[in-house]
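In what follows, a structure is listed as structure tokens, so that the remarks can point back to it.
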Amino acid sequence: MVSYVTWCHVTPAWPSRFNASATNATINLENVIQYFRASSFALASPAYNNTLARTSISDTKDSTPLPEFMEYSPFRKCVDGVTENALAIVNTIPGLTPLDKFIQALAIGGIFICGAMILVLTLIFGIMIGFRTAFQTWLYGDVNAISLARVNRPTELRYENYP
């Protein structure tokens, strides 16, 4: 609404729901100049009367042409431009289809499967490290005991220092 007032200098008014069958409507189906967003929003003017709007025409492109003063007016171009740029696309929240529910179930299942795989791989990696440590202990003996024995050895035995 602010854009219409700022750019096109219109008087602010709340949009109203269009009821084509209302007897006291100030705007009728014949007054619609242009439809926007798959006919969910219409620009109408009481100065325009499309006599073909309520007929059952096979070609929907047929309509009473706009008067020239309306077609090329700067005001209409401004309102059209602001409407095209500022009209929000609002859809109702659809219910979940069976396909959507299936995709959600797959996504949740995938999360659990990936978590389980990470847990199993972590356990396997931990077991491998444990086996490696146990194998080194079996092969070389207790590494801490060997290091402790080297530290406690008499200092005159320094054969490790010779090339």
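Every number here is computed from the coordinates shown, using simple stated rules; none is lab data. Bear in mind that the values here come from a model prediction, so they are computed numbers and not experimental data. Note that each Cβ is placed from the backbone with ideal geometry, even for glycine, and that neighbours are counted across all protein chains shown.
Quick notes on this structure:
- Length added when fully stretched, ALA53-TRP138, from 0.36 nm per residue minus Cα-Cα: 21.2 nm
- R0 of 35 Å, Cβ-Cβ distance SER21-GLN104: FRET efficiency to nearest 0.05: 0.25
- Full extension of the chain segment joining GLU84 with ALA42 gains 14.0 nm, where the gain is 0.36 nm per residue of separation less the Cα-Cα distance.
- Residue-span extension gain [PHE125 to PHE69] - 0.36 nm each, minus C-alpha spacing: 12.1 nm
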